[in-house]
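The values are calculated or read from the model by the stated rules, or taken from the named source; none is laboratory data. This one's a predicted model, so the numbers in the text were calculated from it and none came from an experiment. All Cβ positions, glycine included, derive from the backbone under ideal geometry; neighbour counts span all protein chains shown. When the accessible area is computed, the model is the full protein with side chains, heavy atoms only, and any ligands, DNA or RNA have been set aside. Shrake-Rupley method; radii C 1.70, N 1.55, O 1.52, S 1.80 Å.
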Amino acid sequence: MQLDFQPLLLELKHPFRLATGMRTHTNAMMTQISMGGLTGYGEAAMPPYYGENHQSAAVFLTLAATTLQQYHYPLSAAMITAFMQEIDALAPGNHAAKAAVDIALHDLWGKMEGKPLWALWGLSPEKMPPTSFTLGIDSPDMLRKKLEEAGDFQILKIKLGADDDRAIIRTIREVSDKPIYADANQGWQDRQAALDLIYWLQEQQVQLIEQPFHKNDLESSAWLTERSPLPIIADESFQRMTDLNRIAGCFHGVNVKLMKCTGLSEGLRTIYAARAKGLRVMIGCMTETSCAISAAAQIAPLCDFADLDGCWLIRNNPFEMPELAQGIIQLNNAPGLGLYVKKT
Ligand code: MG
């Protein structure tokens, strides 16, 4: 199998304001794995806070390409799992670069089988949860404009953890009454203040809280989870499957992202393992093209919540957008990821 890759700078439609600063771009590395006249597409989306970049991804993918040359037709789910375990051991970290290989392999496998991945895994597209749409904080006028872009989405995702979270929610409520997923991005410090705020947020039709406290402050998360009327979901505290034992009991659920957990192979196993521990599962994303979003969408029917808006937040998506109906991503019948390269 032949692995190729090219860097891509994803341009954000609106600069991303976070507690850690402002961002206008996300580094991505696009991959293709070819065999027998078919090509599978993959992607690494690399926001700066996870420490991967074009250079680190190129180094890792060069290593992976050499290993991949030893694998031959026919591709199977078992072979992909074995291969991913092999390249996982090549170097620590590099989770997004690993996901870029995993996603391309799965797309190629689906194309060889002539079936979409969701069908190969026996999943039901009608179980797809609605996807939330991230709304950056802005003036009410700008928010109205951004909401028009949010069009069909039925759930809003709002970043909290700033100085005045109630003011942010009040501003949103001036322009929309759609349900809200609130992401505190580790921004809260005081347990009781957090709990009081959550009761108020519940009255504002907020439906879940992501990552209230610092990722290592599991004690505070456990305290809050015991008392919160809304589900508390781990994001920064939870990277991949091996973290499940550590965080189970401290949260109601986990946010599984392909770029954190090295792709679909582990992502799928992580969802089942989380469920077995009684955890609820959100499937999330970075700013990504339709490639990684379509990959996550394949396993999203197994999840309670979906936050797969990444490709709606960028300007230069090289692929066609996924189809959306009433805020729900529609899985199609095209093989693999069901992805179409945009015609120029
Ligand atoms: Mg988050």
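How would you rank 135-147, 331-343, highest first, on the average number of other Cβ atoms within 10 Å across their residues?
The densest-packed peptide leads the list: 331-343, 135-147.
What percentage of the solvent-accessible surface of region 292-335, computed with a 1.4 Å probe over protein heavy atoms, is contributed by carbon and sulfur atoms?
That fraction is 45 percent.
So how much slack lies between Ser124 and Gln154, counting 0.36 nm per residue of separation and subtracting their Cα-Cα distance, in nm?
The Ser124-Gln154 span can extend by a further 8.7 nm.
Assuming a ≥ b ≥ c are the square roots of the Cα gyration tensor eigenvalues, decide whether region 120-329 counts as rounded (a/c under 1.5), prolate (otherwise, with a/b larger than b/c) or oblate.
Oblate shape, in that a/c is at least 1.5 and b/c is the bigger or equal ratio.
Under the rule of -39500 (n - 2.57) per DSSP H run of 4 or more residues, summed and divided by the residues of the chain, what mean residue ellipticity at 222 nm is obtained, to the nearest 500 deg cm²/dmol?
Computed ellipticity for the chain at 222 nm equals -11000 deg cm²/dmol.
Determine, for each peptide in 305-313, 224-232, the mean count of other beta carbons within 10 angstrom over its residues, then list the peptides with the highest first.
305-313, 224-232
Residue farthest toward the positive end of the dipole of the chain, with Cβ of Lys/Arg at +1 and Asp/Glu at -1: which of Ser76, Thr62, Thr225?
Ser76
Could you check what % of the DSSP bridge pairs in region 120-329 are antiparallel, to the nearest 5?
Here the share of antiparallel DSSP bridges comes out near 5 percent.
Run the quick spin-label model on Gln85 and Lys145: label points 7 Å from Cα toward the beta carbon, then report their separation in nm to one decimal.
Those two pseudo-labels are separated by 5.2 nm.
For region 2-115, give the magnitude of the charge dipole about the Cα centre (Cβ charges: +1 Lys/Arg, -1 Asp/Glu; no others), in debye to the nearest 20.
320 debye
For region 299-344 and region 186-255, what is the separation of their Cα centres, given in Å?
28 Å
Which one, Gly310, Ser294, Tyr49, is farthest towards the positive end of the dipole of the chain when Lys and Arg carry +1 and Asp and Glu -1 on their Cβ?
Among Gly310, Ser294, Tyr49, the one farthest towards the positive end of the dipole of the chain is Ser294.
Return the carbon/sulfur percentage of the accessible area of region 2-115, one whole number, probe 1.4 Å, all protein chains in place.
57 percent
Can you tell me the length gained on complete extension of the stretch Thr24 to Gln192, counting 0.36 nm per residue apart and subtracting the Cα distance?
57.0 nm
Mind giving me the nanometre distance, one decimal, between the label points for Leu9 and Arg170, set 7 Å out from Cα along Cα→Cβ?
So the two model labels end up 4.0 nm from each other.
What's the magnitude of the charge dipole for the chain around its Cα centre, counting Lys and Arg as +1 and Asp and Glu as -1 at the beta-carbon? Answer in Debye, nearest 20.
Dipole size: approximately 300 debye.
Can you tell me the dipole magnitude for region 242-344 around its Cα centre, using point charges on the Cβ only (Lys, Arg +1; Asp, Glu -1), in Debye to the nearest 20?
Here the size comes out at about 200 debye.
Give the residue from Ile103, Pro212, Gly122 lying farthest towards the positive end of the charge dipole for the chain; charges sit on Cβ (+1 for Lys and Arg, -1 for Asp and Glu) and the dipole is referred to the Cα centre.
About the Cα centre, the residue reaching furthest to the positive side is Gly122.
Using mean Cβ contacts within 10 Å as the protection proxy, how do 287-299, 157-169 order, highest first?
Highest to lowest by the protection proxy: 287-299, 157-169.
Cα axis of helix 290-299 to longest principal axis of the chain: angle in degrees, 0 to 90, nearest 10?
80 degrees
Treating cross-link reach as a plain straight distance, find the aspartates and glutamates whose alpha-carbon is under 12 Å from the alpha-carbon of Lys157, omitting any fewer than eight places away in the same chain.
Within the straight-line cut-off, Lys157 pairs with Asp183, Glu210, Asp307, Asp309.
What does the accessible area per residue of the chain come to in Å², with a 1.4 Å probe and no ligands, DNA or RNA counted?
For the chain, the per-residue accessible area is 41 Å².
Which three extents, in whole angstrom, do the alpha-carbon atoms of region 215-344 cover along their principal axes, largest first?
Projected onto the principal axes, the Cα atoms of region 215-344 cover 53, 25, 25 Å.
If you fit an axis through the alpha-carbon atoms of helix 77-88 and take the longest principal axis of the Cα set of the chain, what angle between them do you get, 0 to 90°, nearest 10?
Roughly 80 degrees, rounded to the nearest 10.
Compute the separation of the alpha-carbon centres of region 25-77 and region 80-114 and state it in Å as a whole number.
8 Å
At 7 Å along Cα-to-Cβ for each site, give me the label-to-label distance between Thr62 and Asp138 in nm.
4.1 nm
When you have a sec, figure out the Kirkwood radius of region 23-143 from all distinct Cα pair distances and drop it here in Å to one decimal?
This gives a value of 16.3 Å.
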